[in-house]
């Protein structure tokens, strides 16, 4: 028996937490695992907030699940089913009747980040009339002139 036996055991115990910091799981696998490995709707629907390239291979399954459950979520109104979530879901994953409701009336389908965070800034085009419009038109003309000049 080696004298290192107990020391090796203590060393193993000290580093047993290391696996909580590192994983060989890819980002694709991690994102897809939320939909594939969990039963809870709020966890499954986490994928909608992630880069679509990460879960393109299961998109049809996500679409079917979202379409099948959308109307139930509208009735039950779970906490995750808010305006921010709805803005993340692709139009083809929302039942047509619900999509019309989202697009119609005063509800806006796609919200900017500022709107989701409570901001209300709006951008309005300036019709070539006022002082700002004249300055903008002048700058646009200058940029066009510069673009047409040979290098």
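Anything in the stretch 55-73 that is more than 17 Å from residue 34 (Cβ to Cβ), exposed (fewer than 14 other Cβ atoms within 10 Å of the Cβ) and touching a residue at least 24 places away in the same chain (Cβ under 8 Å)? List them, or say none.
Matches in the stretch 55-73: 71 only.
Give just the number: which of (1) surrounded by fewer than 11 Cβ atoms within 10 Å (Cβ to Cβ); (2) outside any loop (DSSP other than H, G, I, E, B); (3) within 18 Å of the chain's Cα centre (by Cα) does residue 87 not satisfy?
Looking at each condition in turn, residue 87 falls short on (1).
State which residue is modelled with the lowest pLDDT when the search covers only the stretch 12-35 and only residues that are farther than 15 Å from residue 53 by Cα and not in a helix (DSSP H, G or I).
The extreme case among them is 15.
Take the stretch 55-78 and flag every residue that is touching a helix residue (DSSP H, G or I) at 6+ places or on another chain (Cβ under 8 Å), part of a loop (DSSP other than H, G, I, E, B) and within 23 Å of residue 97 (Cβ to Cβ).
Within the stretch 55-78, the subset touching a helix residue (DSSP H, G or I) at 6+ places or on another chain (Cβ under 8 Å) is 55, 57-59, 61-63, 65-67, 69-71, 73-74, 78.
Next, only the ones that are part of a loop (DSSP other than H, G, I, E, B) stay: 55, 78.
Selection gives 78 alone.
Taking the condition surrounded by 11 or more Cβ atoms within 10 Å (Cβ to Cβ), at pLDDT below 95 and under 26 Å from residue 101 (Cβ atoms), does residue 52 pass?
Details: surrounded by 11 or more Cβ atoms within 10 Å (Cβ to Cβ): yes; at pLDDT below 95: yes; under 26 Å from residue 101 (Cβ atoms): yes.
The answer is yes for residue 52.
The values are calculated or read from the model by the stated rules, or taken from the named source; none is laboratory data. These numbers come from a predicted model, not from an experiment. A quick note on method: Cβ atoms are made from the backbone with ideal geometry, for glycine too, and the neighbour counts reach across all protein chains shown.
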